[in-house]
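In what follows, a single structure is set out as structure tokens and then discussed.
Just so it is clear, none of the values below were taken in a lab; they were calculated from the coordinates. Predicted, not measured: the structure shown is a model, and the values here were computed from it. Please note: Cβ atoms are built from the backbone with ideal geometry, for glycine as well, and neighbour counts cover all protein chains shown.
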Amino acid sequence: MMGSRVTVICSNYNSARWIEGYLESINNQFLGEFDIIFVDANSTDDSLKTIKSFSFRKGIGVEIIECSERVPVYTAWNMAILRATTPYVINVNTDDRLYPAGLLMYLQYADRFPEADIFYAAYLLVADLHHSDVRGSSTPPNHNHQQLLHACYCGPFPLVKRQTLLDDGLFDPKYTISGDYEMWLRMSKKGREFVRVTQPMGTYFWNPEGVSTTADTFPEHVRQNEEFRAIHA
């Protein structure tokens, strides 16, 4: 891995329909040097093959972890965080897109607020995998623990200090749908520093087949949220 400051972590499972656009968006980042770690959860389509054959530009350190069985998304994130060597990590899902200036701007915020543990940003909401059908936007509020208990506003791709995630125990795999929200509440309750980025950093696809967005998982989603909200209140 290269001596960069940030690692993009990416859990991949059967993303063949949109992985090429994702790889191009990563390759087009303005930041000169960074790493990306893919954790493939035993995909059965051609997405892993596409990742392996993609020609990343100079300056991007690439690692691929291949799992022999389907692993949950937060387990995959933890694997990538443990393998990373950079001070910051950022998850970017295969069906989302980070703007070309995204990583560079995030690190500029990190330079300005070196004590901060997490940087969360505004984003645009899109309704198609090509990220051209913009349906709305989300601008998060300034951080407040009580407000975070009511709604997860940290967005789809926050930048986080890797050491903070390690110190706070990584993501809890038992929360299979909203484990990221649980982690942000855990960090917030411990008094970690949150910094809001008001500029949109990318686009978020409201995937109707996503783990956290499908109607089939809604009752379990609510149950998990209620459980960890009570713990971290």
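Tabulated values for the structure
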item	result
Net charge, S178 excluded, C-beta distance under 13 Å - Lys, Arg +1, Asp, Glu -1	-2
Value at 222 nm in deg cm²/dmol, rounded to 500, when DSSP H runs of n ≥ 4 in the chain each add -39,500 (n - 2.57)	-9500 deg cm²/dmol
Antiparallel DSSP beta bridges within the stretch 6-232, percent to nearest 5	30
Order of T217, T85, T164 under a 10 Å beta carbon neighbour criterion, fewest first	T85, T217, T164
Proxy reagent accessibility, fewest Cβ within 10 Å first, across I60, I90	I60, I90
Beta bridge orientation in the stretch 103-208: antiparallel %, DSSP, nearest 5	45
Cα centroid separation - the stretch 88-129 against the stretch 1-78, whole Å	16
Square roots of 5 times each gyration tensor eigenvalue, C-alpha, the stretch 53-179, largest first, Å	22, 20, 18
Likely footprinting exposure, L125, L103, L31, L48, fewest C-beta neighbours within 10 Å first	L125, L31, L48, L103
Listed values (i) 8, 31, 32, 19, 9, 1; (ii) 9, 37, 40, 14, 1; (iii) 8, 33, 41, 17, 1, entry calculated as P(r) over Cα pairs in 10 Å bins from 0, in percent	(iii)
